[in-house]
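Presented below is the structure to which this report refers.
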Amino acid sequence: MAATLKMNRGLSLCKNQWTNRHCLALYPAFHQPLLYSSSYRRPGLPPDNTPFWKKTDFSIKNGVTSLKKNLGLLMKEAADHLRGPNGKPLRVDLLEQTSVVWEFRDPEDLQNWVVSSDVEIGGKSQAHLTMGNNNQTALFHGVLNNDVPRDGETKFSGYCTLRSKAPKGAFNRKKCFDWSKFNTLHLRIRGDGRPWMVNIQSETYFSVQWDDLYNYFLYTRGGPYWQDVKIPLSKFFLTSRGRIQDGQYPLWPDKITTLGFTLADRADGPFQLEIDFIGLCKDQAHTEEFAYELYQTQPL
C-alpha cells in the first residue's frame, strides 16, 4: 500500500498528459519485488508475517552445496585478482575498447535476469523471457494490458520490465560493474516498433537514493532487421520514484549494479524485444561528460 501511495503521489505531481504518460513509463523500472525486498502489499491481502527462519532451508545438504559454491567463487575471485583488473591481464585491460557484458547463447544466461509486470499490483499484463528461435538470443515477449486493478486504490497500471540481477561475489558480497573505461552503451536488438526505456541503477550511499535510476529512451524499429543502438552514458538522466529530477547528476560508471528495460507505452497488445548482446564501447569522438544542466545552489 505504501509503495502504491508513493507511486500515485509522484504521478499526481505531473502537470499535463504528456508528463503523466512519461512518468508512468519511468516508474515500473524500479518496482522489482523479485529482486529486492519490498513493503508493497496488494490491497485486501493480509500481511505476510512468516518469520525468515521458516522460509530458509537449514538442511545439511543445502549447507554443503552452498559452501562448495561460495568457496569456488572465492577461489575464482582470487585468481582473477592475481591475473589483473577484471580478471584480465593489465595490457589487455588498458587497451580494451569494447566489452560484452551480457550475451545469450545458453538458457543458463537467462538466469541472470528477472521479469516483472503489473501482475504484482493486480494488473493483467503478461511478460516472459525465453530463448530466441535459434537459441542464440533472448526474447522478451508478452502482452501489455492497461486495465487498472479494481482495488479502490491503484490508479495506473500497464507495464512490463526486464532487469538484470545485481552482481554478487562469494558469500553474497555486493559487487558492482566498473564501466569507467567506456562511455557508450551498445545494444544489438530487434524490436517491434514500440518505445522502451533503458534503465541503469548505480550503487548509492543513502537509503533515500534506493529508488534513483538513470534512464534513456530506446526507440525500436519493426521488421526483420537487427538494430545496433549506441547510447552515450552521458545521455542518461536521473529519476527518482518515476519523476525526472530537477537536480541532475552524472552517472557513476564505476558503481553500476543493474540494467533493465521497461515497456509502458499505454498501448494494449502483444510486444517483443529480441536481444543479441548488451555491451560497452569507447567512442573516442564522444567527449561530452554530461548532457544536462547540473543543479547549482544559489548563494544566500
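In region 162-169, is there at least one residue being free of Cβ contacts under 8 Å to residues at least 24 places away in the same chain and farther than 25 Å from GLY242 by Cβ? Spell out how you get there, then give the answer.
Narrowing region 162-169 to residues free of Cβ contacts under 8 Å to residues at least 24 places away in the same chain: 168.
Checking the rest, the ones that are also farther than 25 Å from GLY242 by Cβ come to 168.
Scanning region 162-169 turns up at least one residue that is free of Cβ contacts under 8 Å to residues at least 24 places away in the same chain and farther than 25 Å from GLY242 by Cβ.
Inside region 239-287, can you point out the residues that are acidic (Asp, Glu) and over 18 Å from GLU203 (Cα atoms)?
Within region 239-287, ASP246, ASP265, ASP268, GLU274, ASP276, ASP283 meet the criteria.
Across region 168-220, which residue is modelled with the highest pLDDT among those that are of a type in the set (Val, Ile, Thr) and farther than 21 Å from ILE275 by Cβ? So that I can check it myself, show each step before the final result.
Keep residues of region 168-220 that are of a type in the set (Val, Ile, Thr), which gives 184, 189, 198, 200, 204, 208, 220.
From what's left, farther than 21 Å from ILE275 by Cβ: 204, 208.
Numbers: THR204: 81, VAL208: 74.
By that ranking, first place goes to THR204.
Taking region 82-120 as the search range and keeping residues that are in contact (Cβ under 8 Å) with a residue 24 or more places away in the chain and among the β-branched types (Val, Ile, Thr), which one is surrounded by the most Cβ atoms within 10 Å (Cβ to Cβ)?
The residue in question is VAL114.
State which residue is nearest to VAL119 (Cα to Cα) when the search covers only region 153-170 and only residues that are in contact with a strand residue (DSSP E or B) (Cβ under 8 Å, 6 or more places away or on another chain) and open to solvent by 40 Å² or more (accessible area, probe 1.4 Å). It would help to see each step written out before you state the result.
Just the residues of region 153-170 that are in contact with a strand residue (DSSP E or B) (Cβ under 8 Å, 6 or more places away or on another chain), to begin with: 158-168.
With open to solvent by 40 Å² or more (accessible area, probe 1.4 Å) added as a condition, the list becomes 165, 168.
Working: LYS165: 20, LYS168: 27 Å.
Step by step, filter region 153-170, then rank; the result is LYS165.
Only one residue in ARG150, ARG173 is open to solvent by 60 Å² or more (accessible area, probe 1.4 Å) and under 29 Å from GLY269 (Cβ atoms), so which one is that?
From the options ARG150, ARG173, the qualifying one is ARG150.
Within region 228-251, how many residues are touching a Cys at 6+ places or on another chain (Cβ under 8 Å) and either assigned to a loop (DSSP other than H, G, I, E, B) or of a type in the set (Phe, Trp, Tyr) (or both)?
1
Of the residues TYR225, TYR205, TYR292, TYR216, which single one is in a strand (DSSP E or B) and either of a type in the set (Phe, Trp, Tyr) or farther than 30 Å from SER157 by Cα (or both)?
Unique residue meeting the criteria: TYR216.
The values are calculated or read from the model by the stated rules, or taken from the named source; none is laboratory data. Model, not experiment: these values are computed from the prediction. Quick reminder, even Gly has a Cβ in these numbers, built from the backbone with ideal geometry, and neighbours come from all protein chains shown. For accessibility, only protein heavy atoms count, side chains too; no ligands or nucleic acids. Shrake-Rupley method; radii C 1.70, N 1.55, O 1.52, S 1.80 Å.
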